[in-house]
1. Answer yes or no: is there a residue in region 82-96 that is open to solvent by less than 70 Å² (accessible area, probe 1.4 Å), aliphatic (A, V, I, L, M) and within 14 Å of the chain's Cα centre (by Cα).
2. Kindly state which helices (runs of 4 or more DSSP H) lie completely within region 169-227 and contain at least 2 residues that are modelled with pLDDT under 90 and open to solvent by 60 Å² or more (accessible area, probe 1.4 Å).
3. What's the number of the only condition in (1) open to solvent by less than 60 Å² (accessible area, probe 1.4 Å); (2) at pLDDT 90 or above that residue 70 fails to meet?
4. Name the one entry in 117, 159 that is small (Gly, Ala, Ser) and modelled with pLDDT of 70 or more.
5. Note down all Cβ pairs under 8 Å where the first residue falls in region 122-143 and is assigned to a helix (DSSP H, G or I), the second is modelled with pLDDT of 85 or more and of a type in the set (S, T, N, Q), and they're at least six residues apart or on different chains.
6. Among the residues of region 134-148, which ones are under 17 Å from residue 174 (Cα atoms) and either open to solvent by 100 Å² or more (accessible area, probe 1.4 Å) or modelled with pLDDT of 70 or more (or both)?
7. Scan region 65-80 and report the pairs whose first residue is within 13 Å of residue 105 (Cα to Cα) and whose second residue is open to solvent by 80 Å² or more (accessible area, probe 1.4 Å), with Cβ atoms within less than 9 Å and a gap of 6+ or a chain change.
8. Tally up the residues in region 179-194 that are under 14 Å from residue 205 (Cα atoms) and in contact with a Leu (Cβ under 7 Å, 6 or more places away or on another chain), please.
Amino acid sequence: MSTGRIGGRPVENAAPALPPTMTQVSPVNPVNPVSPVSPVNPVPQETQAAQVAQAAARMADAVEDEREVSVARLFDLHYTPMLRLAALLGADDPENIVAEAYYQIYRKWRKLRDAESAEAYLRSTVCNLTRMRIRHLQVARRHAETPAPSDWVASAENSALLKDDQRVLIAALQELPARQREALVLRHWLGLKESEIAAAMGISAGSVKTHTSRGLAALTQAMEARR
């Protein structure tokens, strides 16, 4: 720092000006000298897509595992009651009816809300499949050269599913219209509420009462005629 005189007094000269600030240069990328190093390395789009695909696959596997466990539990709890239901409703092949019902519920599991709705759906499916099967047999018998006997004969497998007091009613029960038979079986054999029966049959609670009342009257009359 130099000094001078102004008016006889020594005055310090101002410090020399600093050189202009240089423009900041980004560090050089050692891999690609042309491209500067970014403060945060972005994830390539290909890597992001792969990560999303892996997460989706893990989620799908978890959903699949949950479906397998839930359907297996549903099978353990309700297979025999559903088999009995199909037999009581008049199915000639209750095992196939119930197997088809479980296949349908397995296929549509993701649309079901919980285990309770799954049980209701299973019950409804057994009723619908049995009704369709009986209608198919009726049409086939009408077109057959040798019609099958009209009396329903319980197979050994079906009889094993039924209690002794139930077997007495089976022949008379099969003479009822399908809707009355379903209402009686669901109400008096499975002990369902009217709302549950309505859901299983796809009808209103008022219709359930009507079918149940008429079915009981017809069943009583048929039983008295057999005595």
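The values are calculated or read from the model by the stated rules, or taken from the named source; none is laboratory data. From a predicted model like this one, the values you see are computed outputs, not experimental measurements. Here the Cβ positions follow ideal geometry from the backbone for every residue, glycine too, while neighbour counts run over all protein chains shown. The protein model used for the area step is the full one, side chains on, heavy atoms only, and it has no ligands, DNA or RNA in it. Shrake-Rupley method; radii C 1.70, N 1.55, O 1.52, S 1.80 Å.
1. No, region 82-96 contains no residue that is open to solvent by less than 70 Å² (accessible area, probe 1.4 Å), aliphatic (A, V, I, L, M) and within 14 Å of the chain's Cα centre (by Cα).
2. Values: elements: 178-184, 194-201, 205-226.
Because the criterion is at least 2 residues that are modelled with pLDDT under 90 and open to solvent by 60 Å² or more (accessible area, probe 1.4 Å), the helices (runs of 4 or more DSSP H) in region 169-227 that meet it are 205-226.
3. Single failed check for residue 70: (2).
4. Working: 159 fails: modelled with pLDDT of 70 or more.
Of 117, 159, the one residue that is small (Gly, Ala, Ser) and modelled with pLDDT of 70 or more is 117.
5. So the pair list comes out as 125/104.
6. Step one: filter region 134-148 for residues under 17 Å from residue 174 (Cα atoms), giving 134-139, 141, 148.
Listed by number, the residues that qualify are 134, 135, 136, 137, 138, 139, 141.
7. That search, which allows pairs on different chains as well, returns 67/110.
8. Applying the first criterion (under 14 Å from residue 205 (Cα atoms)) to region 179-194 yields 179-180, 182-184, 186-187, 192-194.
Imposing the further condition that a residue be in contact with a Leu (Cβ under 7 Å, 6 or more places away or on another chain) reduces the set to 182, 184, 186, 192.
So the answer is 4.
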